[in-house]
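Below is one structure, written out as structure tokens; comments come after it.
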Amino acid sequence: MIRLADSSSKQVVWNMWKTVFGDPDSYMNLYFRDKYKPENTLVYFEDEKPVASLQMLKFRFTFYGREIPIYYLSGVCTLPEARRKGYMDLLLKSSFEIAQDRRIPLMILVPQEEWLLGFYNKYDFSQTFDSCNQPLISLRGLNEKYPHDLLSAYKEFDSQYRNQDMTVQKSFDDFKTIMEENALWDYPSKNSLIGMARVIDAYELLSVYAGRNINRNMKIEIYGDDILKANNGLYNITDGDIKRVDGDADVAFSFDIRDLAQVLLGYNTSLRGKNVESLFPEKKPQIHFMLE
């Protein structure tokens, strides 16, 4: 049985996290103080025993110059004795439905191990974020520059990313937690992370795209979403507007739901040919400082 967590669930979710990930209490205290929210936590109960859980952390994401709400999947775990029973399959699908109901059009995650790229691909996540060799802004440098002025440090941090398209944005509260977490490890150098995205609401994302590209006129077919079937279909983009239509004449592009995430985020679109890149210019999606 799947339930949203309640006020009494924090300790059981903590215990599962500790068992599966083994993180130090200093980190977990910070995470469960600032990020854990019961209304954004799903728990699977086997005979009334909590055995699996995941969390949906809400962030803002700059998408074609507009900030949209997204969910970041975190703490996805199953106790060892409850694995291979399909519980995480049910939790992930339930999280997609909740995101739909709450009008969250996009979900992202950071796979902690390479094999998880294939696992999440089965749930229509596709890689849309790459790591990079160039270090991100130095949190140690910000701390030294503004030793008693966290707000000024945040303003400089925010100025680096607020206007970057396809980037996860951080609030001041997020930044405070990031700084505290990095202080635990003596401010290590950070790079962008490998990450994946899953389209939850194709209509909403295409609507934002259309509104920001009023000169685009085309018909797009979306297929292959066997979980959120409402995403499948034909979408007509005309002069900044979008409508769902019938028929298959004059379809400019057909995208699998996984491909749609990559195309909309401008991930390696130059490899898809000039026709695609001209309408979906290549960008550099970024995900970083996610309490990793």
Output yes when any residue across region 16-23 is surrounded by fewer than 15 Cβ atoms within 10 Å (Cβ to Cβ) and of a type in the set (Phe, Trp, Tyr), and no when none is. yes
Looking at region 250-292, which of the residues that are basic (Lys, Arg) and over 20 Å from the mean Cα position of the chain (by Cα) is nearest to residue 231 (Cα to Cα)? 272
If the Cβ limit is 7 Å and pairs must be 6+ apart or interchain, which residue in region 129-156 that is more than 18 Å from residue 177 (Cβ to Cβ) and touching a residue at least 12 places away in the same chain (Cβ under 8 Å) pairs with which residue that is among the small types (Gly, Ala, Ser) and open to solvent by 40 Å² or more (accessible area, probe 1.4 Å)? 135/189
Of the conditions (1) out of contact with any helix residue (DSSP H, G or I) (no Cβ under 8 Å at 6 or more places or on another chain); (2) under 14 Å from residue 40 (Cβ atoms), residue 84 satisfies every one except a single condition; which number is it? (2)
Filter pass, residue 50 being open to solvent by 10 Å² or more (accessible area, probe 1.4 Å) and either at pLDDT 95 or above or within 27 Å of residue 177 (Cβ to Cβ) (or both): yes
So, first residue touching a residue at least 60 places away in the same chain (Cβ under 8 Å) and over 12 Å from residue 197 (Cβ atoms) in region 54-77, second residue crowded, with 21+ Cβ neighbours inside 10 Å and basic (Lys, Arg), Cβ within less than 7 Å, six or more apart or across chains; the pairs are none
Give the residues of region 184-205 that are under 28 Å from residue 27 (Cα atoms), buried (at least 16 other Cβ atoms within 10 Å of the Cβ) and not basic (Lys, Arg), sorted by residue number. 187, 192, 193, 194, 195, 196, 197
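The values are calculated or read from the model by the stated rules, or taken from the named source; none is laboratory data. Treat the numbers as computed from the prediction; the structure is a model and nothing was measured. Backbone-built Cβ (ideal geometry, glycine too); neighbour counts: all protein chains shown. Just so you know, the surface numbers come from the protein's heavy atoms only, side chains and all, with ligands and any DNA or RNA stripped out. Shrake-Rupley method; radii C 1.70, N 1.55, O 1.52, S 1.80 Å.
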